[in-house]
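FYI, it's all coordinate maths here, none of it is from the lab. All of these numbers come straight from a predicted model, not from anything done at the bench. Here Cβ is always computed from backbone atoms with ideal geometry, including for glycine, and neighbour counts include all displayed protein chains.
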Amino acid sequence: MGFFDLTGQVAIVTGSTKGIGKAIASRMAEAGAKVVVSSRKADVCDAVAAEINEKWAKNGGEAMAVPCHVYYKEQLRQLVDTTLQKWGKVSICVPNAAVNPYHGPSAGIPDEAWDKIMETNVRSTFWLCQMVLPNMVENKGGTITIIASIAGLKGNVALGAYAVSKVAEHQIARNIAVEYGPHGIRANAIAPGLIKTDFAKALWTDPARLDKINNTLPLRRIGDPDEIAGMAVYLSTQAGGYVTGQVLNVCGGASVS
């Protein structure tokens, strides 16, 4: 793999049993990393970890399942501690898990939905980063790649609170880059556009709506989870060694059209 080799690296990827998170975990294992597969349901984590091991053991990749609901601080702590006990370090962290329980104008959002978005998307990302950073400092290096969204780049009538949470994630990455750069630690955010995942299924399974969206994009198509995974692998390897504090839009050109 050369420039894109992750042999000897240990990666935690939250929300990694489907969609973008699963693609990231799988591609990091393909590049030789030891990967922690994590989401709320233990049986699903086990199945995805087994799938990755069967597929990428030949490349030196390895997956371990550690169920975790990121909303709960004690479960995040267990996620990190279990990883350290098993593999001795965390060199890559990808906070990917997120929620969006409300679609519509900001005036109509219930307090409970606002709190759930901010606590799950922002607070849990901040917590997880703070939990892995001491080990990265000790090891004089590491990478954090937060999966954010292009929703955080401009106003959004239907996704206002979600967009606010994603802007906050952008800033978490920038702050870590500034604070921890002297320790050899890099932090970035990826801002995906519309990707073919369950999260956006209502959009891409409606042919008329999908055609309308595609016609607004320079590439004339929505993205695939692997196309986000490719950027995550790049940012975690020597190839991305001079990239930090950035929000990288992987959106088929949506941010410029």
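Remarks
- Cα gyration tensor, segment 184-223 - rounded (a/c under 1.5), prolate or oblate: oblate
- Taking a point 7 Å from the Cα of Tyr242 along the Cα-to-Cβ direction, the residues of segment 184-203 with backbone N closer than 18 Å to it are 184-188.
- Shown in residue order for segment 195-211 are the 3J(HN,Hα) couplings computed by the Karplus curve 6.51 cos²θ - 1.76 cosθ + 1.60 at θ = phi - 60°: 10, 6, 10, 4, 4, 10, 4, 4, 7, 8, 8, 9, x, 5, 5, 5, 4 Hz (x for Gly and Pro).
- Inter-probe distance in nm under a simple model that places probes 7 Å from Cα toward Cβ, at Ala47 and Ser255: 3.4 nm
- Straight-line reach from Lys86: taking Cα to Cα under 13 Å and skipping same-chain neighbours fewer than 8 places apart, the aspartates and glutamates in range are Glu62.
- Over 31 Å [Cα-Cα, segment 2-250], rounded percent: 19 percent
- Unsatisfied cross-links (Cα-Cα over 22 Å) in the set Lys22/Lys140; Lys18/Lys196; Lys18/Lys212; Lys116/Lys166: Lys22/Lys140; Lys18/Lys212
- Here's how it looks for Val35: its modeled amide H is under 5 Å from those of Ala11, Glu62, Ala63, Met64, which are all 5 or more places away or on a different chain.
- Descending by average beta-carbon neighbour count within 10 Å, the peptides 247-253, 41-47 line up as 247-253, 41-47, the highest first.
- Percentage relative contact order, segment 2-250, counting C-alpha pairs under 8 Å, at least six apart: 20 percent
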